[in-house]
Amino acid sequence: MVTREIVDQLPELQSIQVGLCHLFIKHTSASLSINENADPDVRTDVESHFNRFIPENASYYRHVLEGPDDLPAHIKNITIGSSVVIPIRNGSLNTGTWQGIYLGEHRDHGGSRSIVVTLQGESSQPG
Amino acid sequence: MVTREIVDQLPELQSIQVGLCHLFIKHTSASLSINENADPDVRTDVESHFNRFIPENASYYRHVLEGPDDLPAHIKNITIGSSVVIPIRNGSLNTGTWQGIYLGEHRDHGGSRSIVVTLQGESSQPG
Amino acid sequence: MVTREIVDQLPELQSIQVGLCHLFIKHTSASLSINENADPDVRTDVESHFNRFIPENASYYRHVLEGPDDLPAHIKNITIGSSVVIPIRNGSLNTGTWQGIYLGEHRDHGGSRSIVVTLQGESSQPG
């Protein structure tokens, strides 16, 4: 859950009345998505699900040199996605009550991850 | 299939020559996607698929207090997505012949759902 | 992998300093995504995965008249997605080192596919 960490680095958000916030992760083995930000069990269960339905060590994998977690990480990235686009309203992300931004780390030892944020919109005050 | 319902509430679309239409659902147990809008059997089959591959009552789910359909609904939302972005051309959504907008309701009793629409683009007439 | 083919047709990219590139595929049985553009085994493995977890000829499919690959193609499109949005920086797609654009062809004989590209952003030179 990286909502707070991201928003804290976007003071420009406050000057946008109506717009969009685009988040893009520059990696092929991590993902961005939006989901329930309250009960941490949801995140655990989501991870359990994808670990089961995008398994390691499938007999038909050829790309195995980077470790058993690498190819599943790519498939998780494709399934979940590399970017999210969130509406902005009155200087804040216009998300629902329970929505937060997930950064899915799909490698066992993924290192640091870079996200590019692009803000678009109309300022609430004349430029 | 909510394409008509949404477009009918967007008269502003008609004044945009080139642009984008962003749809965002403010919920963590429903989803937005784009797919075949003709044969209703497709929607039934899509639902059957996700019910099978994102099952209820998996032994490893911890988040069970909100009912057996809640956690699978979150995973379906993450897998399918919370938003779609559709190009606009000459005042209409520039979708393919068979494409329509799906609202995926993943709870058994989901209640009403809110979608935020953000339009961007250039007017076909001088402002 | 269609990154080069797409970028080569977008000379306008070079004039955008900061912005977004939206790609949208106008079909319900093909998809767009972003993933590893180096080892072609990754693409083979990704295809193997989705063929296994979105199978043909499932007993519960009703939509079978267009062939056994049609309904799975729709589900793959919904799972992977119809569009990608990539940040632009200094006239180029601001992707990570290993990221490329995948066009997923999910029919056995899909024919040609159309992608709509929408560029947004601020020019590096005064208009």
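The values are calculated or read from the model by the stated rules, or taken from the named source; none is laboratory data. This one's a predicted model, so the numbers in the text were calculated from it and none came from an experiment. Cβ sites come from the backbone with ideal geometry, for glycine too, and all protein chains shown count toward neighbours. Side chains included, ligands, DNA and RNA excluded: accessible areas come from the protein's heavy atoms. Shrake-Rupley method; radii C 1.70, N 1.55, O 1.52, S 1.80 Å.
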Between B and C, accessible area buried - total, square angstrom, nearest 100, 1.4 angstrom probe: 2300
In short, the stretch C:2-33 residues buried by 30 Å² or more of accessible area relative to the isolated chain (1.4 Å probe) are C:Leu20, C:His22, C:Phe24, C:Lys26, C:Thr28
To one decimal in nm, how far is B:Gly67 from the same spot in the other copies, if labels go 7 Å from Cα toward Cβ? Please give the shortest first. 4.1, 4.1
Under a GNM of chain C (C-alpha, springs under 10 Å), which listed residue has the highest mean-square fluctuation: C:Ser33, C:Ser59, C:Ser15? C:Ser59
Asserting the computed 222 nm helical MRE of the protein assembly as shown (DSSP H runs at least 4 long, -39500 (n - 2.57) per run, divided by residue count, to nearest 500) equals -7000 deg cm²/dmol
Would you work out the relative contact order for chain B, in percent, from Cα pairs under 8 angstrom that are 6 or more residues apart? 51
Can you list the residues in the stretch C:81-119 whose accessible area drops by at least 20 Å² when all protein chains are present, compared with the chain alone? Use a 1.4 Å probe, heavy atoms only. C:Ser82, C:Val85, C:Pro87, C:Asn94, C:Gly96, C:Gln99, C:Val116, C:Thr118
Could I have the simple spin-label model distance between B:Ser15 and C:His109, label points 7 Å from Cα toward Cβ, reported in nm to one decimal? 4.9
Can you find, among C:Gln120, A:His109, A:His22, the residue sitting farthest towards the positive end of the charge dipole of the protein assembly as shown, where Lys and Arg contribute +1 and Asp and Glu -1 at Cβ? C:Gln120
Carbon/sulfur accessible area of chain B, % of total, 1.4 Å probe, equals 45
Using a 7 Å Cα-to-Cβ projection, C:Gln9 label spacings across copies, nm, ascending: 3.4, 3.4
Going by a 1.4 Å probe on protein heavy atoms, which residues of the stretch C:44-65 end up with at least 20 Å² less accessible surface in the whole assembly than in their chain alone? C:Thr44, C:Asp45, C:Val46, C:Ser48, C:His49, C:Phe50, C:Arg52, C:Phe53, C:Tyr60, C:Arg62, C:His63
Quick one: with label points 7 Å out along Cα→Cβ, list the inter-copy distances for C:Ser112 in nm, shortest first? 4.7, 4.7
Can you give me the accessible area per residue for the protein assembly as shown, using a 1.4 Å probe, in Å²? 47
Amide H of A:Ser123: which non-local residues (sequence gap of 5 or more, or other chain) have their own amide H closer than 5 Å, using H built in the peptide plane? A:Gln17
Taking Cα centroids, how far is the stretch A:25-75 from the stretch B:17-56 in Å? 22
